[in-house]
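Note sheet for the following structure.
Derivation of every value follows stated rules applied to the coordinates shown; laboratory data play no part. Everything numeric here is computed off the predicted structure, so don't read it as measured data. All Cβ positions, even for glycine, are placed from backbone atoms using ideal geometry, and neighbour counts span all protein chains on display.
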Amino acid sequence: MRDSLEKEIPYIHFKDVTFSYPGKKEKLISKCNFSIKKPGFWMVVGKNGSGKSTLLKLINGIIKPKNGVVYSNANIGMVFQNPDHQILMPNCRSELLININQNISDYKVAQRIEYVLDQVGLTGFEKKPVHTLSGGQKQRLTIACALISNRNFILLDEPTALLDKTSQLKVLKTIKDLTSDHIKPLSALWITHRYEELIYADAVAELKNGFLSSWNEPSKFQYN
Ligand SMILES: Nc1ncnc2c1ncn2[C@@H]1O[C@H](COP(=O)(O)OP(=O)(O)OP(=O)(O)O)[C@@H](O)[C@H]1O
Ligand SMILES: [Mg+2]
């Protein structure tokens, strides 16, 4: 399970990043500067339409800045708001298999499937049809898919927006455990509307008027 990527600490660095969608005059992201240089649970809040999803698209390179530079060495995985838009296969095993992007032995495949399902609290779910999973279980399957493809930095775009309270807490706890692992902590950037989730974060920033605020401890975070 080790490769050269895992020895590097993943980072993301925005330098004066500006972005607007074609045909729109106003800058949605404007001279945005921030860094994430160590593993942990990083959260971003912001109002509807403030550009949170756009920020994630800039991070993973789906769109390019108009000005400025996005620096990153991270191997980025994405977890969307609605797992039904992301999951392609009929059962957990086949979904995980299409996310293994390396040529490894059947023995290793079995080992990794067991490992990632265990990591997200879905031990024994390998043969389960996806349609029998709850929303929270599906969301945790998408996280397992990101892990099995050896991602070291996961972007989560309002992953609990469609979930009930129980599933919300399970997904939050899954990421909290993965990002506070003593041996190999994950880096996760979590977008949310729900202010009650901020207490799980190691650091919180707000996206407002195209700027991302500095990172604060959740307890110091002031909503204004
Ligand atoms: N592909 C696109 N082309 C043009 N405009 C877009 C595109 N995607 C988003 N926008 C616009 O950019 C603005 C920010 O959108 P974005 O989805 O990044 O916001 P958000 O903070 O994620 O919102 P929400 O809280 O609703 O998820 C919105 O006004 C939106 O209409
Ligand atoms: Mg969004």
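Odds and ends about this structure:
- The chain - charge dipole about Cα centre, Lys and Arg +1 at Cβ, Asp and Glu -1, debye rounded to 20: 580
- Choice from Lys108, Lys31, Lys47 with maximal GNM fluctuation in the chain (Cα, 10 Å cutoff): Lys108
- Relative to the globular-protein estimate of 2.2 N^0.38 Å, the Cα radius of gyration of the chain stands at 1.02.
- Set of lysines with alpha-carbon distance to Lys25 below 16 Å, sequence-local pairs under 8 removed: Lys66
- Per residue, the average separation of C-alpha pairs within less than 8 Å and at least 6 apart gives the chain a relative contact order of 29 percent.
- Of all DSSP bridge pairs formed entirely within segment 153-224, close to 40 percent run antiparallel.
- Cβ crowding within 10 Å, taken as a proxy for footprinting-reagent exposure, orders Trp190, Trp215, Trp42 from fewest neighbours to most as Trp215, Trp42, Trp190.
- When peptides 93-104, 114-125 are sorted by average Cβ neighbour count within 10 Å, with the highest value leading, the order is 114-125, 93-104.
- Value of D in µm² per second that Stokes-Einstein yields for segment 65-191, Kirkwood Rh from Cα pairs, at 4 °C (1.567 mPa s): 86
- Here the chain carries DSSP beta bridges of which approximately 40% are antiparallel, counting only pairs with both residues inside.
- Alpha-carbon centroids, segment 126-193 and segment 1-80: separation in whole Å: 19
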